[in-house]
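Peer 1: Below: one structure in structure tokens.
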Amino acid sequence: MSISVETFFLDPSAEGTLQARIQQMVAQGILAGRIRPGERLPSSRKMAAHLGVSRITVTLAYTELVADDYLTSRGRSGYFVSENAPEPPAFPAQRFTTGTVDWTRTIGQRFTPGLSLDKPADWADYRYQFIYGQTDKTLFDSANWRLCALRALGMRDFGALTSDYFDGDDPQLVDFIARQTLPRRGILANPDEILVTMGAQNALWLSAQVLLNSRRRAAIEDPCYPALRTILTQSRCQLSVIPVDEDGLPPADLPDQTDVVFTTPSHQCPTAATMPLARRQALLDKAEAEDFVIVEDDYEFEMSFLKSPSPSLKSLDKNGRVIYVGSFSKSLFPGLRLGYLVGPAPFIREARALRATVLRHPPGHIQRTVSYYLSLGHYDALVRRMSKTYHERRKVMVDALTAQGLTIAGQGTYGGSSVWVKAPSGINTTTLAAQLQPQSVLVEPGAPFFAGEAPPQEYLRLAYSSIPASRIPEGIRLIGEAIRQS
């Protein structure tokens with residue numbers, strides 16, 4: 001690899017001759033780890049032109065660095081960082097300081113701590129990874145995804161690839177969502193009622209920003225998706241936390257003067273409870289009678305392998321009170337970051353304008369690639385393959401949990417990719433997770449899903465989306481053994 005000459009600058013405050021300052025500049029780059037062994041430096045001609053010095057000055061500086069074993073010369077190939085060059089210090093270099101600015105006073109709003117769910121970057125290296133939402137490379141259809149991505153790079157799709165939609169979306173993707181994806185949930189929508197988002201979380205954030213302010217009240221489930229609770233806290237709205245039961249959110253417990261209700265009726269996050277049809281209708285009736293709107297996060301409806309999913313709230317809505325959130329990231333791969341909002345045109349218009357001020361629109365190439373992947377039938381084939389595998393893994397996990405005497409507090413009526421487990425009283429699953437990691441077991445403690453200063457500590461979510469069925473029994477045995485030893 002060649003180091004770009006544009007990355008080199010002489011420190012105007014440095015002392016000494018030009019030759020010495022050039023030597024110091026290169027040596028500091030090596031010691032800081034910015035220039036690594038084996039990498040080629042710019043030629044003496046290019047470096048001299050860039051720095052505005054004579055070529056002989058640069059050549060002499062390089063020669064001194066060769067003598068000190070910082071560099072090595074390879075004849076006509078040029079100068080390279082020596083394999084024997086001094087290594088950077090183990091501690092990180094202190095590049096910047098906060099200076100004289102009082103950041104505790106200067107920061108107008110605080111957004112830390114962000115997400116409270118901890119998913120190690122090296123999760124795939126663990127043998128028993130029971131963490132949610134990760135992609136199983138043995139199931140993913142990488143060949144067809146690659147073909148769709150290449151097709152989206154073709155000249156026929158040059159406009160979709162390169163255009164600035166400003167506040168718009170790929171019409172081909174929006175058309176597929178309207179004609180194919182939404183009707184499967186009983187939803188009919190026009191293009192001006194659909195907005196493509198950077199995943200479901202972006203859709204929830206847009207909804208909160210458009211619908212709420214400091215005078216309005218939002219109601220959320222407890223436990224719930226931690227990032228949603230953070231979004232609503234940052235919106236500075238008045239927040240009501242409603243405990244869920246075995247059927248999800250109880251409409252009767254919603255407080256008066258509620259303006260927006262956020263709910264996951266088909267697959268409650270994280271308990272996997274499914275809201276019965278009668279309760280869904282009761283929630284809609286209450287919304288009409290008390291004049292509030294509902295944001296429905298239908299995040300995992302594709303994984304309904306036990307039986308067909310219940311009708312979405314949006315499909316039952318006759319009065320335009322439900323805003324629907326969907327996502328392709330859950331069923332394709334989390335790094336995709338592509339979801340969508342469906343709602344009345346006045347709401348979508350405001351959400352679109354807000355999105356344009358933040359990120360304009362999701363990348364056109366990604367939208368067109370997904371459009372091809374959907375329209376060519378690859379997505380449906382992938383979902384069928386995943387559903388079959390998840391069904392098998394779920395049965396193995398339930399049997400393994402039962403054999404270990406662990407309580408399944410929620411596993412979903414229709415399917416999904418995880419189970420909600422309650423450990424014996426007195427077990428702190430955060431501590432349990434730390435104890436299991438050295439045994440190559442990853443689990444998700446349940447405490448971050450709950451609101452309040454003293455959340456329950458005995459719950460955990462165990463996902464089976466990325467762990468082979470053959471490893472599940474041994475992983476669950478290790479969990480059960482750790483619990484018994486606690």
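Peer 1: Take the conditions under 18 Å from Gly186 (Cβ atoms), hydroxyl-bearing (Ser, Thr, Tyr) and not in a loop (DSSP other than H, G, I, E, B) and apply them to Ser315. Does it pass?
Peer 2: When the stated conditions are applied, Ser315 passes them.
Peer 1: Assess whether Pro344 counts as being surrounded by fewer than 20 Cβ atoms within 10 Å (Cβ to Cβ), in contact (Cβ under 8 Å) with a residue 24 or more places away in the chain and under 23 Å from Ala272 (Cβ atoms).
Peer 2: no
Peer 1: Report whether or not Ala353 is outside the structural domain of Phe158 (by TED's automatic domain parsing), out of contact with any Phe, Trp or Tyr (no Cβ under 8 Å at 6 or more places or on another chain) and in a helix (DSSP H, G or I).
Peer 2: It is false that Ala353 is outside the structural domain of Phe158 (by TED's automatic domain parsing), out of contact with any Phe, Trp or Tyr (no Cβ under 8 Å at 6 or more places or on another chain) and in a helix (DSSP H, G or I).
Peer 1: Among the residues of the range 213-234, write down those that are crowded, with 20+ Cβ neighbours inside 10 Å and assigned to a loop (DSSP other than H, G, I, E, B).
Peer 2: Pro223, Cys224, Tyr225
Peer 1: Hey, another quick one. Which one of these is closer than 24 Å to Pro226 by Cα, of a type in the set (Val, Ile, Thr) and assigned to a helix (DSSP H, G or I): Thr389, Thr430, Thr402, Thr369?
Peer 2: Thr430
Peer 1: Look at the range 461-475 and say how many of its residues are aliphatic (A, V, I, L, M) and more than 26 Å from the chain's Cα centre (by Cα).
Peer 2: In the first step, residues of the range 461-475 are kept if they are aliphatic (A, V, I, L, M); the result is 462-463, 467, 469, 472.
The next check asks that each one be more than 26 Å from the chain's Cα centre (by Cα); those that pass are none.
So the count comes out to 0.
Peer 1: Can Gly480 be described as in contact (Cβ under 8 Å) with a residue 40 or more places away in the chain and surrounded by 15 or more Cβ atoms within 10 Å (Cβ to Cβ)?
Peer 2: So Gly480 passes the test.
Peer 1: Answer yes or no: is there a residue in the range 154-167 that is at pLDDT 95 or above and surrounded by fewer than 21 Cβ atoms within 10 Å (Cβ to Cβ).
Peer 2: No, the range 154-167 has no match at all.
Peer 1: Let me ask something else about it. Among the aliphatic types (A, V, I, L, M), under 18 Å from Val81 (Cα atoms), in contact with a Leu (Cβ under 8 Å, 6 or more places away or on another chain) and assigned to a helix (DSSP H, G or I): does that describe Ile22?
Peer 2: Here the answer is yes, as Ile22 does meet what is asked.
Peer 1: Further question: Name every residue in the range 2-29 that is touching a Lys or Arg at 6+ places or on another chain (Cβ under 8 Å) and under 17 Å from Thr63 (Cβ atoms), in order of residue number.
Peer 2: none
Peer 1: Out of the residues in the range 443-473 that are without any contact (Cβ under 8 Å) to a residue 60 or more places away in the chain and outside any loop (DSSP other than H, G, I, E, B), state the one that is surrounded by the most Cβ atoms within 10 Å (Cβ to Cβ).
Peer 2: Ranking the qualifying residues of the range 443-473, first place goes to Leu460.
Peer 1: Which numbered condition trips up Gln268, out of (1) crowded, with 24+ Cβ neighbours inside 10 Å; (2) modelled with pLDDT of 95 or more?
Peer 2: It fails just one condition, (2).
Peer 1: Next question, about the same structure. Could you check Arg74 against (1) surrounded by 11 or more Cβ atoms within 10 Å (Cβ to Cβ); (2) modelled with pLDDT of 90 or more and say which number it fails?
Peer 2: All conditions are met except number (1).
Peer 1: Looking at the structure I just gave you, is Ser331 modelled with pLDDT under 95, assigned by TED's automatic domain parsing to the domain that holds Phe130 and in contact with an Asp or Glu (Cβ under 8 Å, 6 or more places away or on another chain)?
Peer 2: Here the answer is no, as Ser331 does not meet what is asked.
Peer 1: If I filter the range 338-350 down to residues being of a type in the set (A, V, I, L, M) and part of a helix (DSSP H, G or I), which single residue comes out as farthest from Gly320 (Cα to Cα)?
Peer 2: Keep residues of the range 338-350 that are of a type in the set (A, V, I, L, M), which gives 338, 341-342, 345, 348.
Then drop every residue that is not part of a helix (DSSP H, G or I), which leaves 345, 348.
Values: Ala345: 10, Ile348: 12 Å.
For the range 338-350, the residue satisfying everything is Ile348.
Peer 1: Still on this model: Pick from Val210, Val196: which is crowded, with 18+ Cβ neighbours inside 10 Å and over 19 Å from the mean Cα position of the chain (by Cα)? Please lay out each step first, then the result.
Peer 2: Numbers: Val196 fails: over 19 Å from the mean Cα position of the chain (by Cα).
None of the other options fit; the residue is Val210.
Peer 1: Among residues belonging to the range 271-293 that are surrounded by 24 or more Cβ atoms within 10 Å (Cβ to Cβ) and hydrophobic (A, V, I, L, M, F, W, C), point out the one that is modelled with the highest pLDDT.
Peer 2: Looking at the filtered set, the residue picked out is Leu283.
Peer 1: Here is a follow-up. Among the candidates Ser44, Ser54, which residue alone is buried (at least 17 other Cβ atoms within 10 Å of the Cβ) and hydroxyl-bearing (Ser, Thr, Tyr)?
Peer 2: Step by step, each of Ser44, Ser54 is checked, and only Ser44 is buried (at least 17 other Cβ atoms within 10 Å of the Cβ) and hydroxyl-bearing (Ser, Thr, Tyr).
Peer 1: With closer than 23 Å to Gly75 by Cβ and without any contact (Cβ under 8 Å) to a residue 60 or more places away in the chain as the only criterion, which of Arg21, Arg34, Arg45 stands out?
Peer 2: Arg45
The values are calculated or read from the model by the stated rules, or taken from the named source; none is laboratory data. All values derive from a computational prediction rather than experimental measurement. Cβ sites come from the backbone with ideal geometry, for glycine too, and all protein chains shown count toward neighbours.
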